[in-house]
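The values are calculated or read from the model by the stated rules, or taken from the named source; none is laboratory data. This is a predicted model, so every value here is computed, not measured. Note that each Cβ is placed from the backbone with ideal geometry, even for glycine, and that neighbours are counted across all protein chains shown. The accessibility values were calculated without ligands, DNA or RNA, using every heavy atom of the protein model including side chains. Shrake-Rupley method; radii C 1.70, N 1.55, O 1.52, S 1.80 Å.
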Amino acid sequence: LREGLILYLPAMKILFTDLDGTLLTDDKRISETDMRSIRAMIDAGHKFVMTTGRPLTSVKQLAEQYGFLEPGFFLVSFNGGLIYDCGEKKPILTRYIPVDEVKAIMDAAHVRGMHAHTYSGDLVVSEYETEQLKTYCRLMKMDYVVVKDIRDYYGEFVNVVVKPPIKVNIITPFEHSGLVDFRTEMRKTTEGKLFDVFSKPEMLEFSHMQSNKGAAVRFMADFYKVGIEDTTAVGDEENDCPMIEAAGTGVAMANASQVAKDIADYVTVNDNNHAGITEVIEKFVLG
C-alpha cells in the first residue's frame, strides 16, 4: 500500500440458519439460488452455521450431501447441545444432561401414552418401540435401539462406547394442548435444571439449560471473536426464537410462526420455497 492509504477489511460475519421451514424447501432440499448465495458468502470469508434440533448424525448427512463438510461451515445440533466444526471434523462444544433426569421425563411421558427417546452417538434410544419412534428414525435416517432401562444402558460403558444423553424428545400422538400440559407438569421438577422447547407442535424437547440456539449464537461469536452485531440468525419456529433474539440481526421467514415474527428485527419477503435465505445473505451478510 502507498503511504497514507488505509486498508479497511470487511468484518467477518456469521449466519445462523434453521433447517426445516427456513433453509430447506418444503420438499427438504436447498435451492440452487440459495446454494450460490451460500458459496458467495463462504468465498467472502464469512461463516455459515446450520442450526437445528436434529441430532448430529442427521444434519451431517445433509451437510455431506451439499458439500458443506469443509472450512467455513458449522453444525449446531440438538438445539445447541452439540456444535460441530465441519472444517476441523470435530465438536467444539458438547452439553450433556443427567441420565436420571432423562429417565424421569421418559417415564412421565410413557404414563401419558406419549413416545419418548434420547440419543447415544448415531443411535436413537428408547424404552419402547412405538410408531412415533419408527417414523422419526425413518425421517432422520437413523437406527434405533430399544432398551429395558436407559440408566442401565448408559451405565454399562461409562462414556467409552455409549455417550451420555444430550437431549430427550417427547412426541405426542394426541393434541398439542396435551403436550403443553405435560411441559407445565414437568417444569415443577425441571425448571432451572433443563431447557425445554417445542421444535414442532407435536414434539417437545428437554436439554441442558444452555442448550438452546441463542446460547449457540453467543458461544460462537465469543469463540471466533466476532461482534454480536455481525451475527444474523434466521428461523421460523419457537425453538428458533432464542437465536433470533440473541443475534445482532434476528430474522423470521415469511412462512414463520407468529411467535417468531413477533420477536424478529426483520421478516423476509420470500419464504423458504422462494430463496428466502438468499434474501437474508444479500441484505445482511454481503450487503
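If the condition is being among the small types (Gly, Ala, Ser) and in contact (Cβ under 8 Å) with a residue 40 or more places away in the chain, then the stretch 41-75 contributes 44, 53, 58.
Among residues that are β-branched (Val, Ile, Thr) and under 24 Å from residue 218 (Cβ atoms), residue 83 is included.
On the basis of being under 30 Å from residue 103 (Cβ atoms), among the hydroxyl-bearing types (Ser, Thr, Tyr) and modelled with pLDDT of 95 or more, does residue 207 make the cut? So residue 207 passes the test. Helices (runs of 4 or more DSSP H) fully within the stretch 241-282 that include at least 3 residues being crowded, with 24+ Cβ neighbours inside 10 Å and modelled with pLDDT of 95 or more: 241-246, 276-280.
Among the residues of the stretch 144-161, are any within 21 Å of residue 50 (Cα to Cα), of a type outside the set (Asp, Glu) and surrounded by 12 or more Cβ atoms within 10 Å (Cβ to Cβ)? Checked against the condition, which is being within 21 Å of residue 50 (Cα to Cα), of a type outside the set (Asp, Glu) and surrounded by 12 or more Cβ atoms within 10 Å (Cβ to Cβ), the stretch 144-161 yields no hits at all. Looking only at the stretch 28-55, residues that are closer than 27 Å to residue 95 by Cα and open to solvent by less than 30 Å² (accessible area, probe 1.4 Å) come to 8 in all. Close Cβ contacts (under 7 Å, 6 or more residues apart or on different chains) running from residues in the stretch 98-109 that are more than 17 Å from residue 172 (Cα to Cα) and at pLDDT 95 or above to residues that are of a type in the set (Phe, Trp, Tyr) and surrounded by 15 or more Cβ atoms within 10 Å (Cβ to Cβ) are absent.
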